[in-house]
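Following: one structure in structure tokens, then a few remarks.
The values are calculated or read from the model by the stated rules, or taken from the named source; none is laboratory data. Computed from a predicted model, the values in this text were never measured in an experiment. Methodologically, a virtual Cβ is constructed for each residue, glycine included, from the backbone with ideal geometry; neighbour enumeration extends over all protein chains shown.
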Amino acid sequence: MAVNVHSTNVSSQNWSRHEMLSWVNTQLKAEFTKIEELCTGAAYCQFMDMLFPNSVALKRIKFRANQEHEFVHNFKLLQASFQKKSVHKEIPIERLIKGRFQDNFEFLQWFRKFFNANNKGKAYNALAARDGMSMGFGPSTASYSKNSSHSARSVYSAHQVRTRTFVSDAHLTYRKEKASIDVPDNNIDMRTILQELERVEQDRDMYASKLRDVKVICEENRETNPEVVHKILGIINEDTSIETFPFDDKTFNAELFDQPNNGRQC
């Protein structure tokens with residue numbers, strides 16, 4: 001039987017989205033490009049096979065999927081394996097299959113705690129176990145091939161969730177594709193900018209996770225200290241805005257890259 005873990009977000013370990021995605025892809029030799037793509041359910045099914053051999057029929061898993069009915073199919077396999085191993089966790093299938101970041105990230109956080117509590121450290125070749133099938137979001141493919149030019153790296157166009165954070169995602173996230181911009185040698189190093197944005201994004205995720213933890217504790221103690229809990233939740237849920245500059249391409253180019261040389265030599 002499985003070791004059950006609490007479903008709250010309270011944890012001494014705070015993993016960023018990048019760390020979590022890297023963990024999934026490394027463990028399963030998978031090709032997921034973002035947390036939202038875990039809405040397929042395939043990764044969790046194979047994780048269960050890794051932890052509890054034969055708890056899931058691997059041949060029934062749709063390892064590459066892009067339709068909701070395929071996602072539901074995989075999550076039902078997962079739910080059945082949970083019941084078989086007495087895992088006391090209800091899977092929010094209807095929310096997960098919508099591909100929203102927050103729902104999938106929270107479920108992944110819980111699952112990693114569950115994995116750590118049940119992992120016996122046995123050797124497991126994920127790719128061989130699924131007969132070389134590639135795993136990710138997209139149409140089914142015959143097998144995994146590092147050299148295949150048709151290896152599907154589809155980016156899931158899920159509904160983007162606009163959550164309250166300290167600073168709007170639109171101002172924090174600057175797509176890495178912008179690295180292709182030609183930057184004059186005498187101006188700001190694009191790599192430095194991207195590294196800083198990466199750090200800010202990780203900090204944002206950490207503080208958002210801490211706020212969720214505080215809300216969970218408040219909900220658990222609502223009846224004990226209603227007035228204090230009400231004040232705390234009021235502060236957390238207060239819709240405040242931080243004035244930031246509009247971070248679009250024109251502003252970026254004009255303000256950062258078109259500065260006068262001021263006599264500097266290239």
Return yes when Thr224 is out of contact with any strand residue (DSSP E or B) (no Cβ under 8 Å at 6 or more places or on another chain) and at pLDDT below 70 and no when it is not.
no
Candidates Arg100, Arg95 - the one that is in contact (Cβ under 8 Å) with a residue 24 or more places away in the chain and not aliphatic (A, V, I, L, M)
Arg100
